[in-house]
1. Kindly rank 211-217, 68-74 from highest to lowest mean number of other beta carbons found within 10 Å of each residue.
2. Below 24 Å, Cα to Cα, which lysines can LYS198 reach? Residues fewer than 8 away in the same chain don't count.
3. For LEU213 and ARG233, what is the calculated FRET efficiency with R₀ set at 22 Å and r taken between the beta-carbons, to the nearest 0.05?
4. Going by C-beta contacts inside 10 Å, put LEU464, LEU256 in order with the fewest on the left.
5. Taking N as the number of residues in the stretch 91-175, what is its Cα Rg relative to 2.2 N^0.38 Å?
6. Assuming R0 = 30 Å, what is the FRET efficiency of GLN390 and ARG435, from their Cβ-Cβ distance, to the nearest 0.05?
7. Express in nm, to one decimal, how much length is gained between ASP197 and GLU127 on full extension, taking 0.36 nm for each residue of separation and deducting their alpha carbon distance.
8. Using Cα positions and a limit of under 30 Å, work out the lysines in reach of LYS378, with same-chain residues fewer than 8 apart set aside.
Amino acid sequence: MPLTEPHDDNLPQEEQVVAVPAAGDAATDDPMPDTGPVDAGQPEPEPSLPEPVRQRIVSLTAAVLPGLPADEVPVPLRRVAKFAPNRRARLGAPAIAAQLTADPLFRQRVTARVLADAGDLGAAVVEGTAPAAADPVEVAALAYLARPRGWRELIDASGAAVRAEADTAVVAELVRQAEQRATRAEHDRAVARVEADKLRDELARVREELGQLREEARQLARTLRESQARERRANELLATERGRATRAAADADAELRRVRARLAEAEAAAGAARSSAKEARSVDDARLWLLLETIGQAAVGLRRELALDPVDKLPADFVADSFTDSPTATAATARAQDTDDPARLDQLLALPRAHLVVDGYNVTKRGFGDMSLEQQRKRLVTGLGGIAAQTGDEVTVVFDGAERVHGLPPTPRGVRVLFSRKGETADELIRRLVRAEPPGRPVVVVSSDREVADGVRRHGAYPLGADSLVRRLSRS
């Protein structure tokens, strides 16, 4: 490549040097012309220099530049000569290259000092020879400056040597990279061997676990077969028991038919007994009156002897005291139809110290179900207050409820209002109230629920249908 470099735009403004060829320098003769043919009409073209050779030429020129007299230094290089040594070749390279190309006289002056500093190597280059052990870059740089006979061949040979060194360096780098790749490959193979060993160990462990799982699967299969065999035996036993149950049911049906037949006979005998009992009724009435009179006098004497004071709380009050918490909602129970006559209700309420227990919603839903629940409760409680005032009996009304209902009207005198609490229905609360009463006290339970009626009847209470109370209230 030519020695001249392009102008460096990265230099500071005060340090940029513009290479300006001196007028008439292009016509100056080379002191050591080449032996080759030269066209007298135009200067000989510059050879293409390898980059290391160009840098060495600039470095040699920059080194001798401060030693030249000021008048021998071209004007563009006078500022460069004042630079520090480490900046002179770097910052002034474009100007130095331009002056060496355009000013042969300046090149000759530089060459004289460079050859003097080079010693024997400079003398050998001037003679057109290059020692075999010499640096080809140094030889090419001196040949460019001195330009002896055959200097272009020296530069070409130096370029070939530089390229050979570059190729050698490239080959060495490739060899180094190949060695690194070989080292990495060896390391990867070692890692792969270690990983393969780990995988073999893992495979052995997995095979061992697989064997254990297979053994467990065999055990589970045996257990499943045994379970299936037990299930088959259980099904056979179940079928046997079902057969026995069917036979027992058939026997029970036959026994039931025999019992019904005996019941029919007993009812016939009872009819005959009733007809005969009418004849002795007058005698029985007399005996009964005498017995009741005796019992009354005995009760008066017993009360006098025991000196019992009137009680403040009735048995139902103790049941009501346990319902202080908020009641909860329960499922509605089935309701059975009951068409008892309200006259029967009046007869029962006429008994001394009678206790009327009412299934609240069972009555309100049958009597005035078109109203809201609040209006139903209000109407029922108000009507029961009138009954309590007329008869003087104890009255308790029981409602189902998920929570204690607010907004009830003031409870009338003699009427107790209860709400079933969480986990208990109004039917269960009614049965508890009946069980709390002493045997012999008349307790009247109003509900159309057949289950409630059957339950309270077993405890000695008188069950009546809801219609009897609805008609009684409509009469008030």
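1. Numbers: 211-217: 10.0, 68-74: 13.3.
For the peptides 211-217, 68-74, the packing ranking is 68-74, 211-217.
2. Hits, sequence-local ones excluded: zero.
3. Efficiency computed from Cβ-Cβ geometry: 0.15.
4. Numbers: LEU464 24, LEU256 10.
So the residues, fewest neighbours to most, are LEU256, LEU464.
5. Values: Rg = 14.5 Å, N = 85, 2.2 N^0.38 = 11.9 Å.
Output field value: 1.22.
6. 0.60
7. Numbers: separation 70, 0.36 × 70 = 25.20 nm, distance 7.17 nm.
18.0 nm is the gain from fully extending ASP197 to GLU127.
8. Within reach: LYS313, LYS365, LYS422.
Every number here is computed from the coordinates shown, using simple stated rules; none is lab data. Since we're looking at a predicted model, the values are computed, not measured. Using ideal geometry, Cβ is built from the backbone for each residue, glycine included, and neighbour counts are taken over all protein chains shown.
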